[in-house]
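Step one of this worksheet: look at the structure below.
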Amino acid sequence: MENYPDGDCPYPVVKISQYPIPRTMIQKITNECSKVMVLEEGYPVIEEILKGYLEKEAVIGRLDGTLSRDGELTPDMVGRALGFEIEESLEIPDIVAARPPALCVGCSHIDVYKALNEVIAEYGAGRVFADIGCYTLGALPPFNAINSCVDMGASITMAKGAADAGLIPSVAVIGDSTFTHSGMTGLLDAVNEKTPITVIISDNESISMTGGQKSSAKGKLEAICEGLGVEKEHIHVLLPVPKKHDEIKEIFRKEFEYKGVSVIIPRRVCVQKNVT
């Protein structure tokens, strides 16, 4: 509709906000039109469904290249798909070029990744399985510290699977809030099967990525891990700051060699919450 500012769109429009999709309404619009363009943010779920029970060439959108396969649907992108002449904008100056997100200056995760990178280099790449949180930014330069991220809680289960397959050491990196959300069950499984993995719970005492709410861990991560069966002597609480760098490395190195489940908890409050 942004391409028809007067609201005078010559085509019938169906807005879908439900699942399953309203087949009667879809059938009505397909009876009136030779083609249906699906404007869908994200993955083309509805477009795939329509291609399943309409003639495939009658459905256009992301899957056939009418629209970009990924990215946000901007008015210009939709306008080109509708056949409008869209003027090219001015070139973006280098000074405002897109930059990837980065960990905050002073973030505790930085000290964790610096130590982890130095120690894991002694064993070879491809051993660090991370999770979803602001610490996932450790996958980007300059750290390039993690090798996978799938969904919440998967870091521990992926590390366990890798260790079961013979990749030792295997390391899981997870945050305090993600651990209490869906990481505890994976840790319990690893304990029950005595899997040789090291779990790093990078604890910034906050759900920092999505609002800064209080963590459900409530400062009791070590008690939770001990309750799940991790041996107390293999649960370490560390202060991730530059002056503790060598100490953190030594504990990483020691626990990577341990043939059982170990948990390392680098704990320092989120720098954004610690600002006065």
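Comparing 110, 264, 95 in a Gaussian network model of the chain where C-alpha atoms under 10 Å apart are linked, the largest mean-square fluctuation is found at 95.
Exceedance of the 28 Å cut-off in Cα-Cα distance is limited, within the set 160/220; 194/273; 160/243; 114/254; 160/249; 160/273, to 194/273; 160/243; 160/273.
With charges only on Cβ, +1 for K and R and -1 for D and E, what is the dipole size of the chain about its Cα centre, in debye, rounded to 20? Can you show the working numbers first?
Values: 27 positive and 39 negative charges, 214 e Å.
Dipole size: approximately 1020 debye.
Taking Cα centre as origin and charging only the Cβ of basic (Lys, Arg, +1) and acidic (Asp, Glu, -1) residues, the dipole magnitude of the stretch 221-276 rounds to 320 debye.
Dipole size in debye (nearest 20) for the stretch 1-105 around its Cα centre, Lys and Arg Cβ +1, Asp and Glu Cβ -1?
On the way: 10 positive and 19 negative charges, 131 e Å.
So the magnitude is around 620 debye.
For the stretch 1-129, place one equal point scatterer on every Cα, skip the solvent, and apply the Debye formula. What is log10 of I(q)/I(0) at q = 0.22 Å⁻¹? Calculated log10 I(q)/I(0) at the listed q: -1.41. Read through the labelled values (1) 20.7; (2) 19.3; (3) 22.1 and report the label of the one computed as Kirkwood radius over Cα pairs in Å from the structure. Answer label, from the structure shown: (3). For the chain, the longest principal axis of the alpha carbon atoms and the long axis of helix 245-256 meet at an angle near 90°. Think of it as helices only: each DSSP H run of n ≥ 4 in the chain is worth -39500 (n - 2.57), and spread over all residues that comes to -8000 deg cm²/dmol at 222 nm. The antiparallel fraction among DSSP beta bridges confined to the chain stands at about 5%. Taking all protein chains together and rolling a 1.4 Å probe, residue 104 ends up with roughly 50 Å² accessible. Pairwise Cα distances in the stretch 127-172 exceed 16 Å in 32 percent of cases. Kindly state, to the nearest 0.05, the FRET efficiency for residue 247 paired with residue 96, given R0 = 30 Å and r defined as their beta-carbon distance. For residue 247 and residue 96, the calculated efficiency is 0.10.
Put simply, the convex hull of the Cα atoms in the stretch 197-276 casts, on average, a shadow of 6.0 nm². Of 228, 212, 20, which is farthest on the positive side of the dipole of the chain, counting Cα position, with +1 on Lys and Arg Cβ, -1 on Asp and Glu Cβ, and the Cα centre as origin? So the residue furthest toward the plus end is 228.
The values are calculated or read from the model by the stated rules, or taken from the named source; none is laboratory data. Not measured: the values here are computed from a predicted model. Backbone-built Cβ (ideal geometry, glycine too); neighbour counts: all protein chains shown. Note: areas computed on protein heavy atoms with side chains; ligands, DNA, RNA excluded. Shrake-Rupley method; radii C 1.70, N 1.55, O 1.52, S 1.80 Å.
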